[in-house]
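Undergrad: Here it is: the structure, laid out below.
The values are calculated or read from the model by the stated rules, or taken from the named source; none is laboratory data. The shown structure was predicted, so the numbers you read here are calculated from the model rather than taken from an experiment. Cβ placement follows ideal geometry from the backbone for every residue including glycine, while neighbour counts extend to all protein chains displayed.
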Amino acid sequence: MSFYLIVAIFMVGIWGLIAKDNLIKKIIGLNILNSGIVLFFVYIGSFQGTTAPIMEKGIKDVVDPIPQALMLTAIVIGICLTALALALVLKLYQKYKTLSISQIEKMSKDE
Amino acid sequence: MNNILILLIVLPLLSSFLVLLVSFISRSFPGKIFSLGGIALSLGLLFLIAPAIFSGGTFSYSVGGWKGPLGITLYMDGLAWLTSLIGTIIALLALIYSSGEKDYHPRFYFFFLLLLVGMQGVILTDDIFNMFVFFEILSISTYALVAYFQTGRAIRASFDYLLLSSLGAAFFLLGIGLIYQAGGVLSLEGIREVTIHLQKNSPSMFNLAVVCLVIGIGIKAAFIPLHTWLPNAHAYAPTPVSALLSAVMIKVSFLATWRIIDIFQAFSLQYLFIWLGAFTAFLAVIWALAQTDIKKILAYHSISQMGFIVASFGVASSLSLTASFFHIINHSLFKSLLFLSAGLVIYTTGIRDVSKLSGLGRKMPLGFFACLVGSLSISGIPPFNGFASKNLISLSLKNYPVAAFLILLASVGTVASFSKIMRIFVGSSAGDRIKKVPLSMTLPLLILCAFCLALGIFPSWGAGGISRLIVPGSFSLPGVYTFWQVAASILILAVGIVFYLLTLTSYGKRVFGYIRQMRLGLNNSLLLLIISLIFFVIFIQLF
Amino acid sequence: MERSQIVTMVSRKLVPFILLFGLYLISYGHLSPGGGFQGGVVLASGILLLFLSHGFTLVQRSFPERHLNLTELVMVLLFLLLGLAGLLLGKSFLSNILLLGEAGEIPSAGFILLLNMIIGLKVGAGITLICFYLFRS
């Protein structure tokens, strides 16, 4: 069940990235896409009945910590990308006074 | 000795932050000295391990002393060494060029060095997730560098590139997840061991993972369904960055694809690359012919030359792999030469449109010479390096006549569109005087010219060295300078010039004006990425 | 728009605790969920709350932009130098150079705590700066 939910989130992200005209919404789509992947990685490592990977006495079944460690890095990269993309969108808005990609493309057609 | 691997990554990183820190503390101190020092030191380190590499040695290094399969390991063999060397040399030359061109902000040098960090990391890493991280470092620094001038076009190019390449990176990450779920390993060597097992047990999942990985990096290697971001990004970036992007970035991405395909043994995908490459080479040349912006012409030719490389890689014989890698190196050399000399033209005249320029040859003889060497190289005219590698490529495509024919047409188109560029140097000149060019801008051009000529005159030296480094076992390279091959290249030159004259007629102008208007918007490029992913999946499932 | 009394008051009282929680996350990163990045983000969110509720000038006074910039740069260099220290001592890059200590204690796990602190400060400064630049223009 949760696997299909993750696929759905992934698809929503792709749809947002491709179909939305607003630049900010595109970036939100990208973030949803990344969240889908993060969820997928967390889903890979975890099974029912397992606990957090903190090694204390009496704890046996832990989830696989590697995907979670990887995802930490991926989230950091996602933040960098989002920040950079937002900065670019800000500059685009200052230049073209609109956030719609179709209008920006129309305006810069003859450049 | 093994410590050199990590130093290759850490030195540029250290110097990049030093540049920022120093410029932050005192405005007047020239921080770019650190960037020069960092790159020169890495180059020295690479030369230090050259003897060991050429005697067949490999290096590996585990970061933090944590051994594989969980720890991150770095690994260097001949292929990695050569790529790293060529990237570092061109980065050094581009940096020298940039110091003469204009007074760049320290941020520029910071991102420039960060690009180098990403490049070295992608080449050296032996862990697929680490590869993703270094790819992101590489891409984030290129997004920032492409948008450096902050004109509307540059920012739009950077934004398009960011969205496309991030979508690719998301698929790459998905591929890593699928592989980890199925195989439980992340190191490339570990994956090589479980590949056969996976191919038998869960073929469809495995295929999906491979396609996700290949598309994820392929978007940066820019073969044809994934090329849409490249022309704008390369054309509107600062000139040294364009040179570095063409010479290093797409090459490194392609070599990562090479490694992925090699490790996952995706041979049907490799076969597909012959056709992808041939069509890339052919179609990109048509678009290049339609452009008038000098840097855009060069950018489309980068795609086209990638087609040559990809097609030759697809054949997968020892000759074709050698030819492909030889062309990678040659293309790095002559394309950075061309970009830098185009930058020289823009620097002295301030005009990018080739149809508005003429008679520059007398005013800037050095730029003329450099551009001539680059154009002859890329068109495959003896005795320059492009001739050698293009011949090896056409020899290796012997069994695929259709692909070889497309490649031949691409060569003709290349000659035609470089005739268009060379035309700006001849004819009558407008009377105004032009800006004087500093030595630091011309020196890199001369060095690159020397490389182009040397590799062209002694092709067996270059190609032989490459085949020794990347192909196991020995095989005899066919000779390049036979009578028929030289005659064929002269014929291509003649046909190309005739074709160029045809494009100047009013009919030709109308056709190419129409082609120039055919561009994909951002949404359609993103859609094209998804469609090509689906196409790749279907292809690999069927064959 | 008029500033709400409740928002200014509550945020002023809340910010020290948020910063404290960030420091807690950083210093317990090697024992429990948390660590440099998470703690750093919490630190940044504290500063940003102050920024949003009290405006730019007040935040500038207590967290000047120049200092944040400098913190970020110096921390990266410190991280790299710590990594290179392992190399100089004959081990490999980023290998442990301190005593390991006893698992479960605060000063344990070698230099992970030190690295966490460095990363925490760097991330806190970095995220704050990103938001400063984006909000201001």
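Undergrad: Mind telling me which of the residues B:Phe129, B:Phe108, B:Phe171 ends up being in contact (Cβ under 8 Å) with a residue 40 or more places away in the chain and out of contact with any helix residue (DSSP H, G or I) (no Cβ under 6 Å at 6 or more places or on another chain)?
TA: B:Phe108
Undergrad: Can you confirm whether segment B:182-203 contains a residue that is within 12 Å of chain A (Cβ to nearest Cβ), at pLDDT below 90, in a helix (DSSP H, G or I) and crowded, with 21+ Cβ neighbours inside 10 Å?
TA: No, there is no match, as no residue in segment B:182-203 is within 12 Å of chain A (Cβ to nearest Cβ), at pLDDT below 90, in a helix (DSSP H, G or I) and crowded, with 21+ Cβ neighbours inside 10 Å.
Undergrad: Sticking with this one: Just checking, which of B:Val480, B:Val537 is of a type in the set (A, V, I, L, M, F, W, C), part of a helix (DSSP H, G or I), surrounded by 15 or more Cβ atoms within 10 Å (Cβ to Cβ) and away from chain A (no Cβ under 14 Å)?
TA: B:Val537
Undergrad: Still on this structure, I have one more. In this structure, is B:Ser253 surrounded by 23 or more Cβ atoms within 10 Å (Cβ to Cβ) and in a helix (DSSP H, G or I)?
TA: yes
Undergrad: Answer yes if at least one residue in segment B:120-135 is in contact with a Pro (Cβ under 8 Å, 6 or more places away or on another chain) and part of a helix (DSSP H, G or I), and no otherwise.
TA: Among the residues of segment B:120-135, at least one is in contact with a Pro (Cβ under 8 Å, 6 or more places away or on another chain) and part of a helix (DSSP H, G or I), which makes the answer yes.
Undergrad: In segment A:94-108, what residues are within 10 Å of chain B (Cβ to nearest Cβ) and touching a helix residue (DSSP H, G or I) at 6+ places or on another chain (Cβ under 9 Å)?
TA: Residues satisfying the conditions are A:Lys95, A:Tyr96, A:Ile101, A:Ser102, A:Ile104, A:Glu105, A:Met107, A:Ser108.
Undergrad: Moving on. Scan segment B:146-165 and report the pairs whose first residue is without any contact (Cβ under 8 Å) to a residue 40 or more places away in the chain and more than 9 Å from chain A (Cβ to nearest Cβ) and whose second residue is crowded, with 24+ Cβ neighbours inside 10 Å and not aromatic (Phe, Trp, Tyr), with Cβ atoms within less than 7 Å and a gap of 6+ or a chain change.
TA: From residues that are without any contact (Cβ under 8 Å) to a residue 40 or more places away in the chain and more than 9 Å from chain A (Cβ to nearest Cβ), there are no pairs.
Undergrad: Just name the residue that is farthest from B:Phe149 (Cα to Cα) out of those in segment A:72-92 that are more than 7 Å from chain B (Cβ to nearest Cβ) and without any contact (Cβ under 8 Å) to a residue 12 or more places away in the chain.
TA: Ranking the candidates gives A:Leu72 first.
Undergrad: Select from segment B:325-358 the residues that are in contact with a Ser or Thr (Cβ under 7 Å, 6 or more places away or on another chain) and over 21 Å from B:Leu230 (Cα atoms) and write down the one among them that is surrounded by the fewest Cβ atoms within 10 Å (Cβ to Cβ).
TA: B:Ser355
Undergrad: Okay, moving on. Quick check on my filter: what residues within segment B:217-233 are touching a Leu at 6+ places or on another chain (Cβ under 6 Å) and either under 17 Å from B:Gln517 (Cα atoms) or free of Cβ contacts under 8 Å to residues at least 24 places away in the same chain (or both)?
TA: Across segment B:217-233, the qualifying residues are B:Thr228, B:Trp229.
Undergrad: Pick out the one residue from C:Ser92, C:Ser53, C:Ser45 that is among the small types (Gly, Ala, Ser) and not in a helix (DSSP H, G or I).
TA: C:Ser92
Undergrad: From the list C:Thr71, C:Thr128, which one is in contact (Cβ under 8 Å) with a residue 40 or more places away in the chain, within 14 Å of chain B (Cβ to nearest Cβ) and in a helix (DSSP H, G or I)?
TA: After ruling out the rest, the residue left standing is C:Thr71.
Undergrad: Looking only at segment B:44-96, filter to residues that are part of a loop (DSSP other than H, G, I, E, B), of a type outside the set (A, V, I, L, M) and within 14 Å of chain C (Cβ to nearest Cβ); which one of those is surrounded by the most Cβ atoms within 10 Å (Cβ to Cβ)?
TA: Filtering segment B:44-96 for residues that are part of a loop (DSSP other than H, G, I, E, B), of a type outside the set (A, V, I, L, M) and within 14 Å of chain C (Cβ to nearest Cβ), the one surrounded by the most Cβ atoms within 10 Å (Cβ to Cβ) comes out as B:Gly68.
Undergrad: Any chance you could count how many residues in segment A:16-38 are more than 10 Å from the chain's Cα centre (by Cα) and more than 10 Å from chain B (Cβ to nearest Cβ)?
TA: Total satisfying the criteria: 4.
Undergrad: Residues in segment B:498-519 that are at the interface with another protein chain (Cβ under 10 Å from one of its Cβ atoms) and either acidic (Asp, Glu) or surrounded by 12 or more Cβ atoms within 10 Å (Cβ to Cβ) (or both): how many?
TA: So the count comes out to 1.
Undergrad: If I go through segment A:39-71 residue by residue, how many of them are within 24 Å of C:Gly40 (Cα to Cα) and either within 11 Å of chain B (Cβ to nearest Cβ) or in contact (Cβ under 8 Å) with a residue 40 or more places away in the chain (or both)?
TA: Qualifying residue count, segment A:39-71: 9.
Undergrad: With the condition kept exactly as written, say whether any residue in segment A:18-34 is assigned to a helix (DSSP H, G or I), modelled with pLDDT of 90 or more and either closer than 18 Å to B:Ile179 by Cβ or in contact with a His (Cβ under 8 Å, 6 or more places away or on another chain) (or both).
TA: no
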